[in-house]
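**Q** Structure below; questions to follow.
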Amino acid sequence: MFVSIAPMKNRSPPRFNQADISVINFRRIEVGDMIKLEALRVFVTVAESGNIKDAADAVGRTASAVSMTLKQLEDEIGGPLFQTDRKNSLTALGSLMLDLGREQIRSFDKSVSIMRAFAHSRIGSLSIASVPSVATNVLPPILQRFLATRPQVQVELFDIDSAQVRRMVESGVADIGIAGDSRAGGGVEFTPLFSDRFKLLCKDDHDLCCLRRPVEWGDLNGATLIRNGASDRIEAEAYRQISAQSLITVYNVTSLVALVKAGLGLTILPSLTTHGAHDGVAVLELADAAASRQVGLVERRDVPPSPVAAAFRAFALREIPALVAERLRP
């Protein structure tokens, strides 16, 4: 309902602008709070110095400015803080003010220090979701270097497959992920880090070990193939036909290698996964040069990372490719 009230004759209607009054009051309070904090710092410095001159030098202000600040503080508090003009002895109110002032200044400075440390990625938490091969063979030295200058950063690492990495990043459970590339859409984006060729793993006395050349897909006809999540990314039609006949699928690399070593079949894994010797297991080259995977960072779209996550992202982009190249060097 709208009501209009006509002004009385010969008298101008009062004109109030509540927004202006609110802004003025807000600014007055804000400035007052700022002055109180600086005034407390000046007062504590004078009380600890015992005179205005030394305190003025310590806070970088003139002696007259320090005296004026103390006078304003006393007026605001409602009583004298010093027994004499020499400022070398406190009143009872001054002693109470000194204790409370020190506490407030320490609390404020600590809060500012924490905020700056967080902004510069010296504190905070970092949650990483990674495929097993990277979590095992790459991240240990990378995290060791990254945390060397950030001893207070808390890290949580999830060792999972690429599909789960994307789900964890997209849902916000993980700050950043490291996984194989995927053409599937969603709320994540992919930044390449390195390319990793697939290799064949078989028992070290398998007939394929007698070949004096890389293994062709045709060489696997009739062999028992053990599928895994990583090898499902190979797009070669010849491989897909062989893979479709597989009756065993294993996702854990340790279990997978154990089955191969026991002679239950052969499998195909990225080179990084095969890094390091496996007793009783042979690692053979594949002739198909296209049988490789692209590994990179997985991040949420349009969501700015925390300072720690942003620092790790930059560190990973700089350090991981060189480390992997060293690991995969023949």
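**Q** Taking a cut-off of 30 Å between Cα atoms, list the lysines near LYS53, but don't count ones fewer than 8 places away on the same chain.
**A** Within the straight-line cut-off, LYS53 pairs with LYS36, LYS71, LYS87, LYS110.
**Q** Of all the C-alpha pairs in region 164-286, what % are more than 26 Å from each other?
**A** 27 percent
**Q** Now, a different point. For the chain, what does the accessible surface come to per residue with a 1.4 Å probe? Please give it in Å².
**A** Per residue, the chain has 60 Å² of solvent-accessible surface.
**Q** For region 80-208, place one equal point scatterer on every Cα, skip the solvent, and apply the Debye formula. What is log10 of I(q)/I(0) at q = 0.13, 0.22 Å⁻¹?
**A** Cα-only, vacuum Debye calculation for region 80-208: -0.75, -1.24.
**Q** Sort the following peptides by mean Cβ neighbour count (other Cβ atoms within 10 Å, averaged over residues), highest first: 155-162, 122-129.
**A** Those peptides, ordered most packed to least, come out 122-129, 155-162.
**Q** Residue separation times 0.36 nm, minus the C-alpha to C-alpha distance between GLN245 and CYS210: what's the value?
**A** Result for the pair: 10.2 nm of gain on full extension.
**Q** Residue-wise, which Karplus ³J(HN,Hα) couplings in Hz belong to region 310-320, taking 6.51 cos²θ - 1.76 cosθ + 1.60, θ = phi - 60°, and x for glycine or proline?
**A** Those phi angles translate into 5, 5, 5, 4, 4, 5, 5, 4, 7, 9, 5 Hz.
**Q** With a 1.4 Å probe and all protein chains left in place, how much of the accessible area of the chain comes from carbon and sulfur atoms, in whole percent?
**A** The C+S portion of the solvent-accessible surface of the chain is 53 percent.
**Q** On each of the three principal axes of the Cα atoms of the chain, give max minus min coordinate, whole Å, ordered largest first.
**A** The Cα atoms of the chain stretch 103, 65, 26 Å along the principal axes, largest first.
**Q** By per-residue mean of other Cβ atoms within 10 Å, what is the highest-first order of 220-233, 314-327?
**A** Taking the mean over residues of other Cβ atoms within 10 Å, the ranking is 220-233, 314-327.
**Q** Amide H of LEU90 versus every other amide H placed in the peptide plane: which residues, excluding those fewer than 5 positions away on the same chain, fall under 5 Å?
**A** GLN83
**Q** Skipping prolines and chain starts, which residues have an amide H placed within reach, meaning under 5 Å, of the one on SER127, given they are 5 or more residues away or on another chain?
**A** Correct list: GLU156, ASP175, ILE176.
**Q** Next question, about the same structure. Can you give me the angle between helix 162-171 and the longest principal axis of the chain, using Cα atoms only, in degrees from 0 to 90, rounded to the nearest 10?
**A** Result, in degrees: 20.
**Q** Most mobile of ILE52, ILE114, ILE77 per a Gaussian network model of the chain (Cα springs, under 10 Å)?
**A** ILE77
**Q** Among 83-90, 303-310, 195-202, how do they line up by average Cβ neighbours within 10 Å per residue, starting with the highest?
**A** 195-202, 303-310, 83-90
**Q** Compute the acute angle (0 to 90°) between the alpha-carbon long axis of helix 92-119 and the principal axis of greatest extent of the alpha-carbon atoms of the chain; round to the nearest 10°.
**A** Between the helix axis and the principal axis of the chain, the angle is about 30 degrees.
**Q** Can I ask one more? Give me the net charge for the shell around PRO80: Cβ to Cβ below 14 angstrom, other residues only, Lys and Arg +1, Asp and Glu -1.
**A** Net local charge, PRO80 excluded: -1.
**Q** Which lysines have a Cα lying under 22 Å from the Cα of LYS199, excluding residues fewer than 8 positions away in the same chain?
**A** LYS261
The values are calculated or read from the model by the stated rules, or taken from the named source; none is laboratory data. Quantities reported herein were computed from a predicted structural model and do not represent experimental measurements. Using ideal geometry, Cβ is built from the backbone for each residue, glycine included, and neighbour counts are taken over all protein chains shown. Just the protein is used for accessible areas: all its heavy atoms, side chains included, with ligands, DNA and RNA removed. Shrake-Rupley method; radii C 1.70, N 1.55, O 1.52, S 1.80 Å.
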